Amino acid sequence: MSGEPGQTSVAPPPEEVELGSGVRIMVEYCEPCGFEATYLELASAVKEQYPGIEIESRLGGTGAFEIEINGQLVFSKLENGGFPYEKDLIEAIRRASKGEPLEKITNSRPPCVIL
């Protein structure tokens, strides 16, 4: 150790600070509809990409799968009829972490596939 001032900085590099810190996600979903598995899958993908993110869930009404980022509704299954693509949610989180304006996610994948 040299003991010189400024030699032992503990601040993480800027790219690490942006990994979702300060971004809150709330997912409201219909448990009787079987949407908990979709929530858990989405939450896992988000946490993998943004380990510092705060993601919570609450039970919602029939057919609900609604996602808020920092209190702003960004996706509604009730409006779109399907579930969000992970890439679209990841992009919205990236925008929120940089303080950019959020846009509603309008792309959705079908809730199920009949073979």
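Bear in mind that the values in this text are calculations on the coordinates, not laboratory data. Keep in mind the model is a prediction, meaning the values are calculated, not measured. Because the Cβ atoms are built from the backbone with ideal geometry, glycine has one as well, and the counts that use them run over all protein chains shown.
For this structure, a couple of remarks:
- Distance between the modelled labels on K87 and K104, one decimal in nanometres: 2.3 nm (7 Å Cα→Cβ projection).
- Within straight-line cross-link reach of K104, lysines at Cα separation under 18 Å, skipping those fewer than 8 residues along the same chain: K77, K87
- Calculated from backbone phi, Karplus (6.51, -1.76, 1.60) coupling profile of segment 45-60 in Hz, x at Gly/Pro: 5, 5, 5, 5, 7, 10, x, x, 7, 9, 10, 10, 9, 8, 6, x
- Percentage, to the nearest whole number, of Cα pairs in segment 24-98 over 16 Å apart: 42
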